[in-house]
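One structure below.
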Amino acid sequence: MKNIIVLLICTLISFGVEAQSIIGAWENFATAENGDQLKTVVIFTEGYQVLTTYNATTGTFIGSNGGSWILKGDMLAKTTEFDTDNSEVVGTEVSFKISITDNTLEIPDSKLKFNRIDNGAPGKLQGSWLMSGRVRDGKTETRDTNRPRKTMKILSGTRFQWIAYNTETKQFMGTGGGTYTTINGVYTENIEFFSKDDSRVGMSLEFNFKLLDGEWIHTGFSSKGDPIHEIWSLRV
């Protein structure tokens, strides 16, 4: 009996570790009917995720969806907050079976297989963040993060994506993403896709950043050259 109990505990511990391993970034490559190579990246943080497909060569944006998630056993339940292909699914939940190893994430029903990019490291900004304020002319303007209109950034250890959307109207405003680094107080974005303007693809933008009382203070210049001073709060 003692051996059975020990085995059961070890099994539960192993299962917990496996379930947690979904955190991070994953990628899949596929070939479109016209021969273009497509890249799909999915980022999982605690409680939130985003999946995006774009042309692996040109960076042309194809589609994105995301929202909150819960993993129970091998069943992933996802509640959609935005979907560029079908806004009508916003607010609905879908569940499907997944299979996770250290390096792969599979969705058997759709025959999709993703390879791990990272496990949430090494970037210092891993998590889901909502824009909660801006500083203009020395004055801080706060923003209610519970309102339907959201600007969110989801970051794994190496990948980032921002998304602007409205859960009430189901409107999607725009997104962009790629890889990032956090070195010596400098946050650098390397843009791989940008839904509104393909000319931004390939750009690298540097910003100063610091974490203060749980908030991400983000300063620098936008891709248009405009000065920005933003405050981001970790989503819980």
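The values are calculated or read from the model by the stated rules, or taken from the named source; none is laboratory data. Predicted model only: the values in this text are computed from it and were never measured. Using ideal geometry, Cβ is built from the backbone for each residue, glycine included, and neighbour counts are taken over all protein chains shown. Remember, those area values only see protein heavy atoms, side chains included, never the ligands or the DNA or RNA. Shrake-Rupley method; radii C 1.70, N 1.55, O 1.52, S 1.80 Å.
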Which listed residue is among the charged types (D, E, K, R), open to solvent by 80 Å² or more (accessible area, probe 1.4 Å) and in contact with an Asp or Glu (Cβ under 9 Å, 6 or more places away or on another chain), from 147, 134, 159
147
Would you be able to say whether some residue in segment 65-85 is in contact with a strand residue (DSSP E or B) (Cβ under 6 Å, 6 or more places away or on another chain), modelled with pLDDT under 95 and under 21 Å from residue 234 (Cα atoms)?
no
Are there any strands (runs of 3 or more DSSP E) wholly within segment 120-236 with 1 or more residues that are of a type in the set (Val, Ile, Thr) and within 19 Å of residue 24 (Cβ to Cβ), and if so which?
149-155, 159-166, 171-183
When you look at residue 92, is it at pLDDT 95 or above and buried (at least 18 other Cβ atoms within 10 Å of the Cβ), yes or no?
no
Considering segment 110-149 alone, what residues qualify as being charged (D, E, K, R), over 23 Å from residue 220 (Cα atoms) and in contact with a strand residue (DSSP E or B) (Cβ under 6 Å, 6 or more places away or on another chain)?
113, 116, 118, 149
Would a scan of segment 122-129 turn up a residue that is out of contact with any Phe, Trp or Tyr (no Cβ under 6 Å at 6 or more places or on another chain) and either among the aliphatic types (A, V, I, L, M) or surrounded by fewer than 14 Cβ atoms within 10 Å (Cβ to Cβ) (or both)?
yes
So the check is Cβ under 8 Å with 6+ separation or different chains; which pairs have a first residue in segment 215-233 that's over 19 Å from residue 147 (Cα atoms) and a second one that's assigned to a loop (DSSP other than H, G, I, E, B)?
216/125; 223/203; 228/222
Looking for something open to solvent by 20 Å² or more (accessible area, probe 1.4 Å) and of a type in the set (D, E, K, R) - is there at least one such residue anywhere in segment 180-191?
no
Sort out which residues of segment 110-119 are open to solvent by less than 70 Å² (accessible area, probe 1.4 Å) and not in a strand (DSSP E or B), and write them in order of number.
110
